[in-house]
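Report on the following structure.
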Amino acid sequence: MVDKVLRVPKEKVLAPIATHLAPRIHPTTITLIAFGFGLVASGAVWQRAYGLGVSLWLINRVLDGLDGTVARLNGKQSDLGGYIDVVLDHVIYATLPIALVLAQPSVAAWLSLTALLSSFYINGASWMFLAALLEKRRAGASAQGELTTITMPGGLIEGTETVVFYALFLLFPGATTLLFSLMAVLVFTTIVQRLVWALRHLQ
């Protein structure tokens, strides 16, 4: 919902670090390091080390933003880099909530996890195919002057809201069922928003 608004301020915050790193490290290396932090965060959560888990999750997110900034400053943006970034992000989006339920399993937790991951699955189709269609119509990220590899129509739940929700998952593991269910409802709402957008713009 606020990703496009926060994208430029985020770039300004990360630019000093990225300027220092750009000549020294490839952006895909940062992507892989971020992925490592995300996996370790999931392992920590599985072992109920929630404080460590949320710290590692936030490091994962900072690095996930940093890789793109480094790529832009160093002229190393690539389709492959963007692709790897999205795929690895989605691995962590799946493993963290699974780890939470494995740490404190219950029927209600498993059901809410099923709803959450189902919403992610459908949402992925809703925005990725739209992104492909926008590129096909020459209305993608580069045509709109965006800083990302691909563009997508906005919605209630985007990257920023996901970071906030996942931090809440880890800070309040006892409320996992409620938070999973709430996020699933909001993601399904986002899917409907994009369907409405497609009906209006893809005729």
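The values are calculated or read from the model by the stated rules, or taken from the named source; none is laboratory data. What you see is a predicted model, and the numbers here were worked out from it, not measured in a lab. FYI the Cβ positions are ideal-geometry reconstructions off the backbone, even for glycines, and counts take in every protein chain you see.
Computed values, structure above
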read-out	value
Residue among Val62, Val54, Val13 that alone is buried (at least 19 other Cβ atoms within 10 Å of the Cβ) and either of a type in the set (A, V, I, L, M) or part of a helix (DSSP H, G or I) (or both)	Val54
Residue among Ile157, Ile150, Ile122 that alone is assigned to a loop (DSSP other than H, G, I, E, B), among the β-branched types (Val, Ile, Thr), within 16 Å of Leu186 (Cβ to Cβ) and out of contact with any strand residue (DSSP E or B) (no Cβ under 8 Å at 6 or more places or on another chain)	Ile157
Qualifying positions in region 22-32 - aliphatic (A, V, I, L, M), under 15 Å from Gln77 (Cα atoms) and in a helix (DSSP H, G or I)	Ile30
Region 156-176, subset of a type in the set (S, T, N, Q) and surrounded by fewer than 19 Cβ atoms within 10 Å (Cβ to Cβ), residue farthest from Val2 (Cα to Cα)	Thr162
Single unsatisfied condition, Tyr83 versus (1) surrounded by fewer than 20 Cβ atoms within 10 Å (Cβ to Cβ); (2) in contact with a helix residue (DSSP H, G or I) (Cβ under 9 Å, 6 or more places away or on another chain); (3) of a type outside the set (Asp, Glu)	(2)
One residue from Ile25, Ile30, Ile17 being at pLDDT 80 or above and either within 25 Å of Gly155 (Cβ to Cβ) or within 16 Å of the chain's Cα centre (by Cα) (or both)	Ile30
